[in-house]
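Remarks on the structure that follows.
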Amino acid sequence: PEKKAKTTIVLKVDKNEIVQDIKFLIKGCKSTLLTGSLFTETVKGYSLDDGMELCDDLLRELEADLTPDKEKPRLVMNAYKAAVQNY
């Protein structure tokens, strides 16, 4: 059976909704791990809204991309959105 990838993101946010720290737990392949690492380093220091905009931009780019394996980066974006919604 195929292993299911899973991504969880935990946010530490200040009173101005700026991401002070962000951690991720990924059960998946190296490309998912790389995406998680790059994304979390990118959004640290930015507002939650800026992070959501970045997610939306990246998801739009993925839709335009012809690469067959779009699910791995999409997992990271969706995990961030879920973390913000649960904040």
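The values are calculated or read from the model by the stated rules, or taken from the named source; none is laboratory data. Keep in mind it's a predicted model, so treat the numbers as computed, not measured. Note: ideal-geometry Cβ built from the backbone for every residue, glycine included; neighbour counts use all protein chains shown. Ligands, DNA and RNA are stripped out before the accessible areas are found, and what is left, the full protein with its side chains, is counted by its heavy atoms. Shrake-Rupley method; radii C 1.70, N 1.55, O 1.52, S 1.80 Å.
One table, with the values for the structure above:
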quantity: Unique residue being in contact with a helix residue (DSSP H, G or I) (Cβ under 8 Å, 6 or more places away or on another chain) and in contact (Cβ under 8 Å) with a residue 60 or more places away in the chain when the list is 48, 59, 11; calculated: 11
quantity: Long-range neighbours under 7 Å by Cβ, at least six apart or interchain, first residue within 15 Å of residue 71 (Cα to Cα) within the range 30-44, second in a loop (DSSP other than H, G, I, E, B) and open to solvent by less than 90 Å² (accessible area, probe 1.4 Å); calculated: 32/5
quantity: The range 9-65 - residue that is hydroxyl-bearing (Ser, Thr, Tyr) and within 15 Å of residue 76 (Cα to Cα) and, of those, modelled with the lowest pLDDT; calculated: 31
